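The values are calculated or read from the model by the stated rules, or taken from the named source; none is laboratory data. Here the structure is a predicted model, which is why all the values come from computation and not from measurement. Positions of Cβ are backbone-derived with ideal geometry, glycine not excepted, and every protein chain shown enters the neighbour counts.
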Amino acid sequence: MADAVSALAVGWPETRADARAKAEGREPYAADLYPEGVLWAGAVRPGARLGIAHGRIQRIGTAAAEALPGVLKVLTAKDVPGTNRQGIVHKDMPVLADGKIRYVGDPVALVIATSREELEEAIRLVEVDIEPLPAVYDPDTALADGAPKVHEERAGNILAAAGIRVGGGADALAQCDAVVEGVFETPVQAHGFLETENGVACREADGSLTITASTQAPFRDRLEIGHALGVPFEHIRVIAPCLGGGFGGKDGATVQCLLALAALNTGGRPVKMQWSREENLLAGYRRHACRIEYRLGAMRDGRLHAVHCRLVYDTGAYAHLGGEVMALGMEHAGGPYRIPHVRIEGKCVYTNNPVAGAMRAFGVAQATFAFESMMDVLAAKLGADPLELRRQNALRPGDTNCAGVVLENSVGIGGCLELIAGHPHWTGRAAWKAAAPPGKRRGVGLASVFNAAGYGANVRDAAIAKVELTADGRILVYNAVADMGQGNASAFVQMAGHILAQDASRVEVRQPDTAAAYPSGSSSASRTTFTFGNALIAACTQLKARLINRAGLLLFVDDDTALELVPGKVVHAPSRRETALAQLASFMRPEERCCLGEFVAPLCRDTAGAGNGFFVGFPHVIFSYGAHLARVEADLATGAITAVDYVAATDGGRVINPVMFEQQVHGGVAQGLGYALMEDLATRQGQVLATDFASYPMPGALDLPDIVSLACESEERTGPFGMKGIGEVAMNGPLPAVANALADACGVRLWRAPLTPERVWQALDQAAGQARESAA
Amino acid sequence: MTRFHAAHSLTEALALLHEETDTRPMAGGTDILVRMRRSPPAVPLTLIGIEGVPELQGIREEPSWLSIGAATPFAAIAASPLIAAHAPLLQDAARAVGAPAIRNMATLGGNLCTASPAGDSLPPLYVLDAEVELASKAGRRRMAVSDFILGPGETQLEPGEILCRVLVPHAPPIARCQFEKVGRRRSLAIAVASFAGLLRVDGAGRIAGARFAFGSVGPAAVTVPEAEALLRGQLAVQPDPAAVERAVLAVCATVRPIDDLRASASYRRALAGNLLRRFLSPPSSPGLNAATGHASHG
Ligand SMILES: Cc1cc2nc3c(=O)[nH]c(=O)nc-3n(C[C@H](O)[C@H](O)[C@H](O)COP(=O)(O)OP(=O)(O)OC[C@H]3O[C@@H](n4cnc5c(N)ncnc54)[C@H](O)[C@@H]3O)c2cc1C
């Protein structure tokens, strides 16, 4: 009986809309596409092979490669028709390097061949002569007077420099009863998604380009490709199927411009590009390494009084979103605390290292390590309980945060800390620590976290949703923000089903296609479900009203309140009459069956002058919050840290789907533990040391503890159904929580991440040496 | 193009190895295929699949030894009651290899022929005095595992020769043994350092024979006879701490670790000493089992 099925409901753990197709291997990813007659394109990146990160291109010998059977073309910068420059905010990255290479992964040629094997052979045969140039491999060197320039037009290699000042700034440190300080270093982290950068492109008979790619930003891709290649963007169609992971690494051009360039040269044959894991680690974007100098001051009673910190981000050879990453890190550098006097200085510096860009918890994960480590150091200095100190200073609605923003939206950090305070892992910590086995030490560490949602000021943060009643009476949602696996498309299905009272079998979602959906920004910045969800609510509400109205026409009912949408139909209970949605659809014209909804995210334009030097993306008004607890065991013989248990309390506003909420928290904590314990995509002289997942370890199931996720539901009045984005916030906690737990366990503090066994062992060894000395 | 022939018997495998040039045996392929992808061979290779050769499979108890077919995958070694009874050290090492999918493919013979300083089976086989049996068209020969392995990637295997069996000789009972592996994570990790140790005791509970071998701290598994000798006569449950420290020092002085992406030489050296110290600490301490890391996660 149709009535027995229940409509999807927001707040319930509905099965993910993509679960079955993904479990059965049917969900089509871009990487699954092999159109008839497909050609292969691949980039020649000579820097790694020649061991040169910065150098002038003297000659590109393509003849040997072109002579190979199966090779169609070898293209170089002179074959690029447009500006040959890509980039999201700053267009500084060539599609194919012209003049010089600025890092080891810079592509100098694009080969098109009929098979993958021939492609690889041809790539090896392209001869490139490069004259090495003096290079800069770290921000200090890059900032020094007379340092070699990565970009001629960028004096001092500075991509961005900005400052925040609230109250009396750094001078107020002098008034503090206790001041603590530290210098922190965070590593480069790889996104480590399963599906490497890839796509397929084709030039259609009408001359337009169709590109299906693993991308987080199909609409922006059109603009980037258009700019780089001189193709009007309306002649470019981008399709973004489900992604096998993104985490920020597919926000911005990876394969897009190269593929489009290839497709302009194949006479209409489709062409595919798929990076290997090696290429991903060489040329893919990555998390910025960062150095943070931090000073935090408080009054005797524990009130935070002043903070002064300097953050220097290494953005590598090109801008990507480096300036914005820095800005967001700075905006969070004071922590989710009330601090009357703030001075934060940031620099984002070009070097000849691989390109750093967007990654989950965008600049914030770095800053969180510093401020949450400092909070524990401060607690120790004041003789305060680390949880109490955090509770006492936690932001509340109406407070001004460290970026000078008065908080008018939901602020749940206090509630998250309460959940941790009451958790048995916290209340029972003394007994647990005391039960440490011989040769081991146990400790419990905390971290307060927060993460802004949305693009921030000076960028239009908007979405346009389309929902359709199909001819056969089902609901079709036109998703416009890519689903990288975080489940936003499923959330949209759930929201549409909830509003239109339809069950899972009657709601479908179509993944982003610039020819079918509407510009709605990127899948990023914890904005995806928030911004598009709000637009979708508007579209669904309109469609609902329209369906009720049409049903009223059909059933001769003038009282809307007596008409009810239920799965598959509209019923008029008083007269026991009904009309199936399929029937309603047949009474409507195609354009009547579609509704559009729009939404523009709230913005803050006034921070009373707190910030200077920011270009875009500062400040934000909506934040998710969290409080994390890690229980760790340190092995004194090896220095290895085991994360034994983990608790994450998260304020993401109202929960749309408890299971998907938990999945985001679990994933964020897992990726955060990798950042805390082992991940480090290090370089030497600009050369990437890890080449694959054997040399770049990420945590596996055995490395991860049970992760308890607790929701602290605030009500975000601007959010769809009261929610806020939580894609990033959980990523921030593990590094400081584990560092604090290690300090609690062994009395040693690590200032440099990841906290590898070797570094822990060194710190233990040093501490033991000092203890011996002072005993002697 | 790489070619592949599956052999169905040892005779066929040896014949195929001879018939063509540039042939290589392939068992699980978990090393050779990775290597070929990383650095494609200059001339195309012909791979002779030996994982289906019955003579190279299986674990059998024979009068003088436990015989393990070279193409036996680690998953089988990890699950075998015979191995549990006769060579628990090797079983713990087998459980520490890779992850389940790798253990289903990766073979003991492949691990030895790869001769990586980090090969997990090496330290246990050294302390168990295991031997290898090699076959070629010319016949068979036997030698100690520690003689077979010459250095990183180097063995006594001649072209056309196949490693058939690994033989673990029956020996006096072992009072206590432990395998421990330290990697950068708990699965799919190459050892930063590994340790296999065993103690044999006399009627009075004194150490009659101690054997240790360390992985990833030298060109092959490293044994330290001097440290072993230092412990002779000590009470197994509570050796004299001074003797333990002397043995630890001997280990630290003997190992020859290198710096690489995973760890520094100085850390590895200290680790080798610490693993020995932990092994020699009272066995009743509950920390020991947990400390074996993923050997106990199998
Ligand atoms: C993801 C991953 C994780 C891994 N983790 C570990 C780990 O934790 N510990 C560890 O020790 N190793 C590890 N390895 C390495 C590898 O799995 C082992 O060394 C394994 O034992 C190799 O066995 P195989 O049967 O796959 O060898 P193959 O790749 O088939 O062969 C390896 C070499 O030995 C030769 N060979 C194989 N068998 C014979 C024979 N019977 N006679 C003569 N020559 C032979 C081959 O010609 C080749 O040169 C890992 C590998 C991968 C890919």
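Can you tell which of A:Tyr675, A:Tyr696 is aromatic (Phe, Trp, Tyr), within 14 Å of chain B (Cβ to nearest Cβ) and within 28 Å of A:Gly415 (Cβ to Cβ)?
On the way: A:Tyr696 fails: within 28 Å of A:Gly415 (Cβ to Cβ).
On inspection, the qualifying residue turns out to be A:Tyr675.
So is B:Ser121 of a type in the set (Ser, Thr, Tyr) and farther than 20 Å from B:Val222 by Cα or not?
Values: of a type in the set (Ser, Thr, Tyr): yes; farther than 20 Å from B:Val222 by Cα: no.
Considered against the rule, which asks whether it is of a type in the set (Ser, Thr, Tyr) and farther than 20 Å from B:Val222 by Cα, B:Ser121 comes out as no.
Cβ contacts < 7 Å: first residue among the acidic types (Asp, Glu), restricted to the range B:24-50; second residue within 6 Å of the ligand (Cβ to nearest atom), any location; separation 6+ or different chain. Result?
Partner pairs satisfying both residue conditions: B:Asp31/B:Gly110; B:Asp31/B:Thr114.
List, please: which pairs have Cβ atoms under 7 Å, are six or more places apart or on different chains, and start with a residue in the range B:92-103 that is closer than 11 Å to B:Glu180 by Cα and end with one that is within 7 Å of the ligand (Cβ to nearest atom)?
B:Ala93/B:Asp120; B:Ala93/B:Ser121; B:Ala96/B:Asp120
Under the condition of being assigned to a loop (DSSP other than H, G, I, E, B), more than 14 Å from the ligand (Cβ to nearest atom) and not hydroxyl-bearing (Ser, Thr, Tyr), which residue from the range B:62-100 is farthest from the chain's Cα centre (by Cα)? Steps first, answer last, please.
Of all residues in the range B:62-100, those assigned to a loop (DSSP other than H, G, I, E, B) come to B:62-64, B:70-72, B:80, B:87, B:97-99.
When the remaining residues are screened for being more than 14 Å from the ligand (Cβ to nearest atom), the result is B:62-64, B:80, B:87.
Checking the rest, the ones that are also not hydroxyl-bearing (Ser, Thr, Tyr) come to B:62-63, B:87.
Details: B:Glu62: 21, B:Pro63: 23, B:Ala87: 12 Å.
Applying the filter and picking the extreme gives B:Pro63.
So which residues in the range A:699-717 are under 21 Å from A:Asp645 (Cα atoms) and away from chain B (no Cβ under 12 Å), if there are any at all? Give the steps one after another, and end with the answer.
So the first thing to find is which residues in the range A:699-717 are under 21 Å from A:Asp645 (Cα atoms), and the list is A:699-712.
Within the range A:699-717, A:Asp706, A:Ile707, A:Val708, A:Ser709, A:Leu710, A:Ala711, A:Cys712 meet the criteria.
Quick one: B:Ala130 ticks every box in (1) within 14 Å of the ligand (Cβ to nearest atom); (2) buried (at least 23 other Cβ atoms within 10 Å of the Cβ) except a single one, so which number is it?
In the conditions (1) within 14 Å of the ligand (Cβ to nearest atom); (2) buried (at least 23 other Cβ atoms within 10 Å of the Cβ), B:Ala130 misses (1) alone.
If I ask for residues that are more than 6 Å from the ligand (Cβ to nearest atom), within 14 Å of chain A (Cβ to nearest Cβ) and of a type outside the set (Gly, Ala, Ser), which ones from the range B:101-114 would you list? Spell out how you get there, then give the answer.
As a first pass, look at the range B:101-114 and keep what is more than 6 Å from the ligand (Cβ to nearest atom): B:101, B:103-104, B:108, B:112.
Subset that is within 14 Å of chain A (Cβ to nearest Cβ): B:101, B:103.
Once the filter is applied, which keeps residues that are more than 6 Å from the ligand (Cβ to nearest atom), within 14 Å of chain A (Cβ to nearest Cβ) and of a type outside the set (Gly, Ala, Ser), the range B:101-114 yields only B:Arg103.
Would you check if there is a residue in the range B:2-12 being surrounded by 12 or more Cβ atoms within 10 Å (Cβ to Cβ), near the ligand (Cβ under 8 Å from one of its atoms) and within 14 Å of chain A (Cβ to nearest Cβ)?
no
What residue, among those in the range A:627-660 that are more than 14 Å from chain B (Cβ to nearest Cβ) and part of a loop (DSSP other than H, G, I, E, B), is nearest to A:Trp761 (Cα to Cα)? Full working, then the answer.
Step one: list which residues in the range A:627-660 are more than 14 Å from chain B (Cβ to nearest Cβ), which gives A:627-631, A:645-660.
In the following step, the residues that additionally are part of a loop (DSSP other than H, G, I, E, B) were identified as A:652, A:654-657.
Values: A:Gly652: 38, A:Arg654: 43, A:Val655: 42, A:Ile656: 44, A:Asn657: 42 Å.
Within the range A:627-660, the match that is nearest to A:Trp761 (Cα to Cα) is A:Gly652.
Criterion first (of a type in the set (S, T, N, Q), touching a Cys at 6+ places or on another chain (Cβ under 7 Å), over 30 Å from A:Asp314 (Cβ atoms) and at pLDDT 95 or above) does A:Thr210 satisfy it?
Details: of a type in the set (S, T, N, Q): yes; touching a Cys at 6+ places or on another chain (Cβ under 7 Å): yes; over 30 Å from A:Asp314 (Cβ atoms): yes; at pLDDT 95 or above: yes.
The answer is yes for A:Thr210.
Of (1) more than 12 Å from the ligand (Cβ to nearest atom); (2) more than 14 Å from every other protein chain (Cβ to nearest Cβ), B:Glu158 satisfies all except one. Which?
With respect to (1) more than 12 Å from the ligand (Cβ to nearest atom); (2) more than 14 Å from every other protein chain (Cβ to nearest Cβ), B:Glu158 is out only on (1).
In contact with a Pro (Cβ under 8 Å, 6 or more places away or on another chain), away from the ligand (no atom under 12 Å from the Cβ) and either under 15 Å from B:Leu128 (Cβ atoms) or touching a residue at least 40 places away in the same chain (Cβ under 8 Å) (or both): is that true of B:Ala196 in this structure? I'd like the intermediate steps shown before the answer.
Working: in contact with a Pro (Cβ under 8 Å, 6 or more places away or on another chain): yes; away from the ligand (no atom under 12 Å from the Cβ): yes; either under 15 Å from B:Leu128 (Cβ atoms) or touching a residue at least 40 places away in the same chain (Cβ under 8 Å) (or both): yes.
In short, yes.
Scan the range B:70-90 and report the pairs whose first residue is under 23 Å from B:Asp31 (Cα atoms) and without any contact (Cβ under 8 Å) to a residue 40 or more places away in the chain and whose second residue is away from the ligand (no atom under 12 Å from the Cβ) and in a helix (DSSP H, G or I), with Cβ atoms within less than 6 Å and a gap of 6+ or a chain change.
Cβ pairs passing all conditions: B:Ile77/B:Ile83.
Of the residues that sit in the range B:249-296 and are in contact with a Lys or Arg (Cβ under 7 Å, 6 or more places away or on another chain) and away from chain A (no Cβ under 11 Å), which one is modelled with the lowest pLDDT?
Here the answer is B:Ala295.
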